[in-house]
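So the structure is just underneath, and the comments pick up after that.
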Amino acid sequence: MRMGVKILLLIEVPNGLFDPNRDYDEMVLRSTQLYLNDQLRARGHLMLNDALDQLGVNRTKMGYRLGWLMQEGKPLNHQWVELRIANNPGIDDHLEVEVLTAGDIWDLL
């Protein structure tokens, strides 16, 4: 069984997508998560870089390997796209976002 991978993003705020208002940021993350899970269902796979694009973050080398995959109508490792704000009250001008992936899916495509 493949293991999922958790990525922690540090996003500067404000930017074109996020705002210093945490309630607003949580709403943006929920709507982005719904959109990405719709893309996963429709395409059958989603790479981490697809999620990074939606979050306004630069693509990474790792983003071409990590992601999410549907197998027999179910997500690999039972892992849907999950985005959440990490609890770190010490950083005022950045937002920490946890991205939970199903792991390295490149060789399964």
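Results for (1) in contact with a helix residue (DSSP H, G or I) (Cβ under 9 Å, 6 or more places away or on another chain); (2) closer than 28 Å to residue 14 by Cα, shown as yes or no for each residue.
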position: 47; (1), (2): yes, yes
position: 51; (1), (2): yes, yes
position: 65; (1), (2): yes, no
position: 79; (1), (2): no, no
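So, residue 66, is that one within 14 Å of residue 104 (Cβ to Cβ) and either acidic (Asp, Glu) or surrounded by 13 or more Cβ atoms within 10 Å (Cβ to Cβ) (or both) or not? Working first, answer last.
Numbers: within 14 Å of residue 104 (Cβ to Cβ): yes; either acidic (Asp, Glu) or surrounded by 13 or more Cβ atoms within 10 Å (Cβ to Cβ) (or both): yes.
Here the answer is yes, as residue 66 does meet what is asked.
Conditions tested, residue by residue: (1) touching a residue at least 24 places away in the same chain (Cβ under 8 Å); (2) in contact with an Asp or Glu (Cβ under 7 Å, 6 or more places away or on another chain); (3) in a helix (DSSP H, G or I).
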{"site": "23", "(1), (2), (3)": "no, no, yes"}
{"site": "80", "(1), (2), (3)": "yes, no, no"}
{"site": "84", "(1), (2), (3)": "yes, yes, no"}
{"site": "97", "(1), (2), (3)": "yes, no, no"}
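Determine if the stretch 96-109 includes at least one residue that is of a type in the set (D, E, K, R) and under 15 Å from residue 39 (Cα atoms).
Looking for residues that are of a type in the set (D, E, K, R) and under 15 Å from residue 39 (Cα atoms), one finds none in the stretch 96-109, hence no.
Of all residues being touching a residue at least 60 places away in the same chain (Cβ under 8 Å) and within 19 Å of residue 63 (Cα to Cα) in the stretch 25-52, which is farthest from the chain's Cα centre (by Cα)? Just the residue, please. Give the steps one after another, and end with the answer.
Taking the stretch 25-52 and keeping what is touching a residue at least 60 places away in the same chain (Cβ under 8 Å), we get 25, 29, 45.
Going one step further and asking which of them are within 19 Å of residue 63 (Cα to Cα), we end up with 29, 45.
Numbers: 29: 9, 45: 13 Å.
Filtering first and then ranking leaves 45.
Cβ-Cβ below 9 Å, separation at least six or inter-chain, first residue in the stretch 54-71 and within 16 Å of residue 100 (Cβ to Cβ), second buried (at least 17 other Cβ atoms within 10 Å of the Cβ) and among the hydroxyl-bearing types (Ser, Thr, Tyr): which pairs?
54/32; 55/32; 66/101; 67/101; 68/101
Output the residue which, of all residues in the stretch 19-35 that are at pLDDT 85 or above and more than 22 Å from residue 79 (Cβ to Cβ), is surrounded by the most Cβ atoms within 10 Å (Cβ to Cβ).
25
So is residue 53 assigned to a helix (DSSP H, G or I), acidic (Asp, Glu) and surrounded by 13 or more Cβ atoms within 10 Å (Cβ to Cβ) or not?
yes
The values are calculated or read from the model by the stated rules, or taken from the named source; none is laboratory data. In this text, all values refer to a predicted model and were calculated from it rather than measured experimentally. Note: ideal-geometry Cβ built from the backbone for every residue, glycine included; neighbour counts use all protein chains shown.
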